[in-house]
Amino acid sequence: MSAAGRTAAYWRRPRPSTPPLRWGSGLNRGAWLRVDSPGLVLDTVKLAEDSNALVLRLYEPYGGRGRARIELAMPVRSARRSNLLEDDLGPAGTDGSAIVVDYRPWEIVTLLVS
């Protein structure tokens with residue numbers, strides 16, 4: 001296996017340091033978020049520091065670019081791009097319960113979803 005193949009296989013494995021999700025009311029067990037692009041990795045799901053928005057942090061580890069569709073099991077009223085400090089950078093594309101984002105090589109994508 002090539003070095004690129006080993007790197008890709010490493011990033012696709014679940015990381016043992018990731019704490020398990022805690023299920024609360026409002027969502028059924030099962031898939032509630034799906035990223036349709038294998039080139040974009042979901043890393044963080046948390047509440048925003050200064051609002052009730054859900055923060056989704058994704059990154060591109062392979063040096064590729066593309067467009068990803070992030071589907072949520074809940075309706076998306078608003079999706080905004082932000083930086084790591086959660087400063088608003090403008091709207092992200094939405095399509096019903098999905099968010100559509102373009103990404104570049106090694107980019108960290110942060111989204112504020114409400």
Taking region 24-78 as the search range and keeping residues that are of a type in the set (K, R) and surrounded by fewer than 12 Cβ atoms within 10 Å (Cβ to Cβ), which one is modelled with the lowest pLDDT?
R29
Residues within region 79-107 that are surrounded by 16 or more Cβ atoms within 10 Å (Cβ to Cβ) and aliphatic (A, V, I, L, M), tallied
5
Out of (1) part of a strand (DSSP E or B); (2) surrounded by 14 or more Cβ atoms within 10 Å (Cβ to Cβ); (3) at positive phi, the one T110 does not meet is (3)
Those residues of region 55-99 which are assigned to a loop (DSSP other than H, G, I, E, B) and touching a residue at least 40 places away in the same chain (Cβ under 8 Å), in sequence order
E60, P61, Y62, G63, G64, R65, A73, M74
Search result, residues across region 79-107 that are on the phi > 0 side of the Ramachandran plot and at pLDDT 90 or above:
G90, W106
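The values are calculated or read from the model by the stated rules, or taken from the named source; none is laboratory data. Treat the numbers as computed from the prediction; the structure is a model and nothing was measured. Heads up, the Cβs are rebuilt from the backbone with ideal geometry, glycines too, and the neighbour counts pull from every protein chain shown.
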